[in-house]
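First up is the structure itself, then whatever we jot down about it.
The values are calculated or read from the model by the stated rules, or taken from the named source; none is laboratory data. Everything numeric in this text was worked out from a predicted model, so none of it was measured. Reconstructed Cβ throughout: ideal geometry from the backbone, glycine too, with neighbour counts over all protein chains shown.
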Amino acid sequence: MAKIVIHLTATAIQTLNEILSFIAQDNGDAASKLGRRIEHAINRLASFPGSGRAIPEAPERRERELVVPPAVRIFFRVEGEKVWILFAMRAEQVFHPERLDGGEGSG
């Protein structure tokens, strides 16, 4: 079995940094713990690329999502031996399916 490689798009890096920075304004320790949980969840995709769930707002899409407690959604697409982390958002934000289109890993 070939090794799965994880790729984070620029949008994914930006949105994850925004989420953690927002939390760190009030609680740096909580932001650090959440950052470690996010990193662990993303790294697990290298062993279990089919994990996560269908996106409730767009079940027809091939992309999937990881939910990292307490409230971070991470959207990804598997393409062969690559997993593209597309973007992330806080659970209370409104999901827009077009965020899954474009950038690296599309096609």
Do any strands (runs of 3 or more DSSP E) lying entirely in the chain carry at least 1 residues that are surrounded by 13 or more Cβ atoms within 10 Å (Cβ to Cβ) and touching a residue at least 60 places away in the same chain (Cβ under 8 Å), and which ones are they?
5-8, 72-79, 82-90
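So which of 86, 45, 100 is at pLDDT 95 or above, aliphatic (A, V, I, L, M) and closer than 16 Å to residue 15 by Cα? Working first, answer last.
Working: 45 fails: closer than 16 Å to residue 15 by Cα; 100 fails: at pLDDT 95 or above.
Residue meeting the stated conditions: 86.
Report, by residue number, each residue of the range 20-41 that is in contact with a strand residue (DSSP E or B) (Cβ under 6 Å, 6 or more places away or on another chain) and either under 16 Å from residue 80 (Cα atoms) or β-branched (Val, Ile, Thr) (or both).
Filtering the range 20-41 for residues in contact with a strand residue (DSSP E or B) (Cβ under 6 Å, 6 or more places away or on another chain) gives 37-38, 41.
Within the range 20-41, 38 is the sole residue that qualifies.
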